[in-house]
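Beneath this line is the structure, given in structure tokens, with notes to follow.
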Amino acid sequence: MDDELTRTLAGVGQRLRALRTRRDLTLSDVSRDSGISVSTLSRLESGARRPALELLLPLARVYDVPLDELVGAPEAGDPRVHIRRIPHRGGVMMPLGRGSSGIRVVKQILPPPRPGERVELKTHRGNEWLYVISGRLRLVLADRDFVLEAGEAAEFDTRTPHWIGAADDAGVELLHLSGPEGQRIHMPEL
């Protein structure tokens, strides 16, 4: 095996561990979401097991990154992001970046609230930024309730108990940005 291939394969474990720790996931979390045993994940991260396609594909889905990012493939030169629609909470999420910078940018369309829908406040480490494209967004931060109109933005520390949803029957379209620690609770792991 040539030196470049050996170096590339050796870096996969470090990238896997960095992705997992940036997202504040345990090996058990990743095992549950990927179907790969904790033991195998540990050996991959430590470099004791060579990465294989049947292991890397489910991990790329869990971390929502291109396979190229996991293996450290050289840039192809095309900066375009191929947007895919991901069903989430009755609405749709569309990642607008590859997440390689640690910042996650997602366009979200949230449906109108369901009758009797409960506001469940969540907390986690990190920061989030929201920008309302159209509609009205309800943002609950601890005991405060805000309604953001189209063109308004909000930024908050996610250690504050929080929840977001459409403020009325029209639904809401927004840009949602989160740092590496802020994405865990709101972004689906694929």
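Could you check, for region 138-146, whether at least one of its residues is more than 23 Å from Ile103 (Cβ to Cβ) and touching a Gly at 6+ places or on another chain (Cβ under 9 Å)? Checked against the condition, which is being more than 23 Å from Ile103 (Cβ to Cβ) and touching a Gly at 6+ places or on another chain (Cβ under 9 Å), region 138-146 yields at least one hit. Within region 109-121, not a single residue is farther than 14 Å from Val65 by Cβ, assigned by TED's automatic domain parsing to the domain that holds Ala166, touching a residue at least 60 places away in the same chain (Cβ under 8 Å) and touching a Leu at 6+ places or on another chain (Cβ under 7 Å). What about Leu70, is it on the phi < 0 side of the Ramachandran plot, part of a strand (DSSP E or B) and in contact with a Phe, Trp or Tyr (Cβ under 9 Å, 6 or more places away or on another chain)? The answer is no for Leu70. Can you go through Gly90, Gly47, Gly72 and tell me which one is under 24 Å from Ala153 (Cα atoms) and in contact (Cβ under 8 Å) with a residue 24 or more places away in the chain? Being under 24 Å from Ala153 (Cα atoms) and in contact (Cβ under 8 Å) with a residue 24 or more places away in the chain holds for just one of Gly90, Gly47, Gly72, which is Gly90. State which residue is modelled with the lowest pLDDT when the search covers only region 147-157 and only residues that are within 19 Å of Thr123 (Cβ to Cβ) and either aliphatic (A, V, I, L, M) or exposed (fewer than 14 other Cβ atoms within 10 Å of the Cβ) (or both). The qualifying residue modelled with the lowest pLDDT is Asp157.
The values are calculated or read from the model by the stated rules, or taken from the named source; none is laboratory data. This is a predicted model, so every value here is computed, not measured. Because the Cβ atoms are built from the backbone with ideal geometry, glycine has one as well, and the counts that use them run over all protein chains shown.
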